[in-house]
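Shown next, in C-alpha cells, is the structure this report addresses.
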Amino acid sequence: MHYIYCPQCGLKLTNKTAGDDGNVPFCVQCNRYWFDSFSSCIIVLVANQYNEIALLRQLYMSDKYTSFVSGYITPGENAEETAVREVKEELGLDIERLEYAGSYWFNSKDILMHGFIGFTTKKDFHLSSEVNSAEWVPALIAPKTMFPDRPGNAMHPIYRKYLKMVSLSE
C-alpha cells in the first residue's frame, strides 16, 4: 500500500528524503515517515514419510488447480508460528519438522510469501470449512494438478526444493 494521507491525522503527505530510501511519504504534523506496506503470508508444502504431498482444493481459489496450505500472518505471530497454525487449521495435522524454503513476491496481490516445507506423519485430514478437499499425492505426480509453474507462483520453487531435500527426481 502506498500512503497518500497520514493514517494517524489524515493530513496529505509530502515526499521527504529518508536516507538511502529516497523520497518517502512524510507527515509534517506527526513528524513521521509512512513507508509502503504490504501483507505477508505463508505457504507450506506438507509432506509425509512416504514422500507424499498434501494437495488442497479450495474452490474460492480455483476449481481446476490444487494448492499447498497458505494463510496470512497475523500481528504478533512469526512466519513459523503461522505455518504450524495454518496446517493445523486447514488440515488438522501437526507439523513435526519445519524447514524454511525461501521468500517469494506474489506480484498480482502485493504479498510477500514465506515458504516452508513441513514434515508430518501420514494421517487422515480434518479439513477446515475453507478447504473443499485434500489428498495425499505421490510427490513426483503432484505437479499434474498444481497451479501452473509461472512467475509469482511459489509452489514450484518450494516443490523443487523438497525434491532435492528428499533426493527425488522429476
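The values are calculated or read from the model by the stated rules, or taken from the named source; none is laboratory data. Keep in mind it's a predicted model, so treat the numbers as computed, not measured. Here the Cβ is made from the backbone with ideal geometry for all residues, glycine too, and neighbour counts use every protein chain on show.
Looking at region 144-163 only, could you name the residues that are under 18 Å from residue 41 (Cα atoms) and among the hydrophobic types (A, V, I, L, M, F, W, C)?
Taking region 144-163 and keeping what is under 18 Å from residue 41 (Cα atoms), we get 147, 151-159.
Those that are under 18 Å from residue 41 (Cα atoms) and among the hydrophobic types (A, V, I, L, M, F, W, C): 147, 154, 155, 158.
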- request: Filter region 83-110 down to residues that are part of a helix (DSSP H, G or I) and modelled with pLDDT of 95 or more, then give me how many there are.
  value: 9
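What strands (runs of 3 or more DSSP E) lie completely within region 1-75 and have 3 or more residues being surrounded by 11 or more Cβ atoms within 10 Å (Cβ to Cβ) and in the same structural domain as residue 138 (by TED's automatic domain parsing)? Outline the logic, then answer.
Working: elements: 14-17, 23-27, 39-47, 52-57, 69-72.
Where strands (runs of 3 or more DSSP E) fall fully within region 1-75 and carry at least 3 residues being surrounded by 11 or more Cβ atoms within 10 Å (Cβ to Cβ) and in the same structural domain as residue 138 (by TED's automatic domain parsing), they are 39-47, 52-57, 69-72.
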